[in-house]
Amino acid sequence: MWQEVLLSPDTPIVKAIEIIDRGDLQIALVVNERGQLLGTVTDGDIRRAIMKHLSLEEPVNSIMNMNPRFVYREDPPEKAVSLMKATKIRQIPVVDEKQRLVGLEIADELLSPPPRDNYVILMAGGLGKRLEPLTESCPKPLLRVGDKPVLETILESFVEQGFRHFYISVNYKAEMIKEHFGGGSLWGVEIDYLYEKNSLGTAGALGLLPFMPNQPLLLMNGDILTKINFGQVLDFHQKNLGDATICVKEQHSQIPYGVVTIDQNRLKKIEEKPVQSFFINAGLYVLNPDVLDYIQPDSHLDIPDFFKVLLKNGKEIAAFPIREYWIDIGRFDDYERANNEFTEVFG
């Protein structure tokens, strides 16, 4: 119900995040005491705030769209549908003649994701040495988190969001992975494999693709669990017209000492145990087909080096901030944490 996503303009951003994540509407509506529409807050507004390192205790009026699209309740439904198609938005507030909010029109695709023909490449060829001895007899992507292998959870997340064409890059214990997933019929999708004779790194396996895709493709590490909406990442990539998109996750680190600022042997400022914020590579990417020309077949190449090549050649790389649940299970403590959290997060 749209009444459950109403906020006052002084509501903290963190509360808007809770409301957006709790329901299916993917929007929060900001109203005044008379119920008049003041603005909207969407997932994109929140991600832009995160990229600016804005405090989540700030009021939503600092990030809301103060000029949202809307329709009047007297307008025919076709007007809302036309407006959503033209502007590529998924929700349209409905107001009366006094700008009081009376409803919310929602695009059908929000409830039933459209089929995505983009190829998804899942990187599952690593040795998983940091998780030995668990990986001595089982490749890391097949380690169970919750009640199933981590790579199976990743695959099902993509399938639920409309993706149906997959490649899995394999090297270490490749046959175990292929035996588990087969051709994808169990999930109603197509799965093919990229066989790395030698370890090719986090980007090198892309050089094994047997054809050049005609749409942007998604590349994801096979040891990451996240609740991100992959369709939103793809839409963001296409909207920003970049050559590639890298997903990033904000991290905070507290320095356990007092940090001083000095200018010409004079103390200017001292800050006790400050917290630094930075973004880390989250292991999920969108790539335009033409950037694959920079990958040499059967050559080892990691993503950082690949992106350095792209930047050197003038390619535009966008950054998409992940605010949803995200964890890399490459270390024992993270693997244990993922198992403890799995049921709560993935149900």
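The table below gives the values:
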item: Cleavage-rule hits, GluC sites (Glu not before Pro), the range 27-93, DSSP coil, Cβ neighbours within 10 Å at most 15; result: 33, 57, 74
item: For the range 115-226: rounded, prolate or oblate by the Cα gyration tensor [a/c cutoff 1.5]; result: oblate
item: Proxy reagent accessibility, fewest Cβ within 10 Å first, across 322, 270; result: 270, 322
item: Nearest-ten-degree value, helix 13-22 long axis tilted from longest Cα axis of the chain; result: 70 degrees
item: Choice from 196, 179, 105 showing the highest fluctuation, given a GNM over the chain with Cα pairs closer than 10 Å; result: 179
item: Residue exposure sequence - 176, 123, 212 - by fewest surrounding Cβ within 10 Å; result: 212, 176, 123
item: Residue-wise HN-Hα coupling along the range 223-238, computed from phi with Karplus coefficients 6.51, -1.76, 1.60 (Hz; x: Gly, Pro); result: 10, 10, 10, 8, 9, 5, 8, 5, x, 5, 4, 5, 5, 4, 4, 5
item: ³J(HN,Hα) computed for each position of the range 201-216 - Karplus, 6.51 cos²θ - 1.76 cosθ + 1.60, integer Hz, glycine/proline x; result: x, 7, 10, x, 5, 4, x, 8, 4, x, 7, 9, x, 9, 9, x
item: Which of 247, 138 has the fewest Cβ neighbours within 10 Å, and the rest in rising order; result: 138, 247
item: Most mobile listed residue (226, 202, 87) in the chain, GNM with C-alpha springs under 10 Å; result: 87
item: DSSP-loop chymotrypsin sites (Phe, Trp or Tyr not before Pro) across the range 188-278, with at most 15 other Cβ within 10 angstrom; result: 211, 257
item: Cut-off under 5 Å, modelled amide H: who pairs with residue 105 long-range; result: 92, 94
item: In Hz, Karplus ³J(HN,Hα) per residue of the range 274-288 (6.51, -1.76, 1.60; θ = phi - 60°; x = Gly, Pro); result: x, 9, 9, 10, 7, 10, 10, 5, 9, x, 9, 9, 10, 10, 6
item: Correct option for P(r) over Cα pairs in 10 Å bins from 0, in percent [calculated from the coordinates] among (i) 6, 26, 32, 23, 10, 3, 0, 0; (ii) 5, 21, 28, 24, 15, 6, 1, 0; (iii) 5, 26, 37, 24, 7, 1; result: (ii)
item: Rg to Rh quotient for the range 2-110, alpha carbon positions, Kirkwood Rh; result: 0.96
item: Straight-distance crosslink candidates among lysines, where the alpha carbon sits under 24 Å from residue 52 and sequence neighbours closer than 8 are dropped; result: 15, 227, 239, 249, 269, 273, 308, 315
item: Trypsin sites (Lys or Arg not before Pro) restricted to DSSP loop in the range 77-172 with at most 12 other C-beta within 10 Å; result: 88, 98
item: Long-range amide H partners of residue 168 with built H, under 5 Å; result: 122, 192, 193, 194
item: Residue with peak Gaussian network fluctuation, the chain [Cα springs, cutoff 10 Å], from 184, 258, 126; result: 258
item: Amide hydrogen neighbours beyond the local backbone of residue 119, cut-off 5 Å, H modeled; result: 218
item: Acute angle (nearest 10 degrees) that the helix 303-312 long axis makes with the longest principal axis of the chain, alpha-carbon atoms; result: 70 degrees
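FYI, it's all coordinate maths here, none of it is from the lab. The structure displayed is predicted, hence computed values, not measured ones. We place every Cβ from the backbone using ideal geometry, glycine too, and count neighbours over all the protein chains shown.
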